[in-house]
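Some notes on the structure that comes next.
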Amino acid sequence: MTDIKNAKIAILATDGFEKSELFEPKRQLSEAGAEVVVIAPEAGSIRSWDKTDWGESVDVDLALSDARASDYDALVLPGGQINPDVLRTVPAAVRFVRDAYNAGISIAAICHGPWMLVEAGIIAGRNVTSYHSIKTDVANAGGVWHDAKVVADQGIITSRNPGDLDAFCEKIIEEIGEGRHMRVAA
């Protein structure tokens, strides 16, 4: 079991992440006492998408090439259409998600973020949710899709959209508290 005050959480994102889906988990998890690290394919900063245009940027704490999934207690995958669509074409990002799964850490994906779970091959047979427009993608990858604020299945946490962020963050904290989740390797 891991107390949130001792937890280290990775947020994996790139340009085009939905602003609230990175900033709000970062804020809530930090306020709960966790160390939150923003990881991206490149060092520097990444820029959000805020509803209809580019929004605020956030500094990248660690380049993906320098990160190891097993160093974290949880991985958060923000959505937005652009962010996960770009990340799923980056082999190191997909490998990082698969490594997080194999290490047994909690993985939380919101909105279009479950595309990364699909690409990493870790969604089959799992109860999940997502933004409604990728429901078919999730189902075609073997996920059992539910229309719910938050769905958790053996440390895989998913939510639909920014309106679900409070429930999403609350469930991340709960799942971290349960400790590592031993799963069949992907």
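Some observations on this one:
- Any hit, the range 125-136, residues being more than 15 Å from the chain's Cα centre (by Cα), of a type in the set (Lys, Arg) and over 18 Å from Lys26 (Cβ atoms): yes
- Residue within the range 63-72 that is modelled with pLDDT under 95, among the small types (Gly, Ala, Ser) and either more than 19 Å from Ala7 (Cα to Cα) or out of contact with any helix residue (DSSP H, G or I) (no Cβ under 8 Å at 6 or more places or on another chain) (or both) present: no
- Arg180 falls short on exactly one of the conditions (1) part of a loop (DSSP other than H, G, I, E, B); (2) surrounded by 22 or more Cβ atoms within 10 Å (Cβ to Cβ), and that condition is (2).
- The lone criterion from (1) assigned to a loop (DSSP other than H, G, I, E, B); (2) under 18 Å from Pro25 (Cα atoms) left unmet by Val76 is number (1).
- From Ser57, Ser48, Ser70, Ser20, residue being polar (S, T, N, Q), touching a strand residue (DSSP E or B) at 6+ places or on another chain (Cβ under 7 Å) and either closer than 22 Å to Ala152 by Cβ or buried (at least 22 other Cβ atoms within 10 Å of the Cβ) (or both): Ser48
- Meets criteria (at pLDDT 95 or above and under 12 Å from the mean Cα position of the chain (by Cα)) for Ala109: yes
- Thr14 vs. criteria outside any helix (DSSP H, G or I), β-branched (Val, Ile, Thr) and touching a residue at least 40 places away in the same chain (Cβ under 8 Å): yes
- Ile82 vs. criteria without any contact (Cβ under 8 Å) to a residue 40 or more places away in the chain and more than 12 Å from the chain's Cα centre (by Cα): no
- Residues in the range 116-139 that are in contact with a Ser or Thr (Cβ under 7 Å, 6 or more places away or on another chain) and not in a helix (DSSP H, G or I) were compared, and the one that is nearest to Gly79 (Cα to Cα) is Ser130.
- Restricting the first member to the range 161-186 and to residues that are under 17 Å from Ile122 (Cα atoms), and the second to residues that are aliphatic (A, V, I, L, M) and at pLDDT 95 or above, the beta-carbon pairs closer than 8 Å and six or more apart or on different chains are Arg180/Ala103; Arg180/Ile105; His181/Ile105; Ala186/Ala120; Ala186/Ile122.
- Among (1) surrounded by 19 or more Cβ atoms within 10 Å (Cβ to Cβ); (2) within 18 Å of Cys169 (Cα to Cα); (3) out of contact with any His (no Cβ under 9 Å at 6 or more places or on another chain); (4) among the aliphatic types (A, V, I, L, M), the one test that Ile4 misses: (1)
- Here Leu117, Leu62, Leu77 are screened, and the one residue that is of a type outside the set (Phe, Trp, Tyr) and touching a Gly at 6+ places or on another chain (Cβ under 7 Å) is Leu77.
- The C-beta contact set for the range 87-102 (first residue outside any helix (DSSP H, G or I), second residue at pLDDT 95 or above, distance under 6 angstrom, 6+ apart or interchain) comprises Arg88/Trp115; Arg88/Met116; Arg88/Glu119; Val90/Pro41.
The values are calculated or read from the model by the stated rules, or taken from the named source; none is laboratory data. It should be emphasised that the depicted structure is a prediction, and the values quoted were computed from it without experimental measurement. Glycine also receives a Cβ, built like all others from the backbone with ideal geometry; neighbour counts cover every protein chain displayed.
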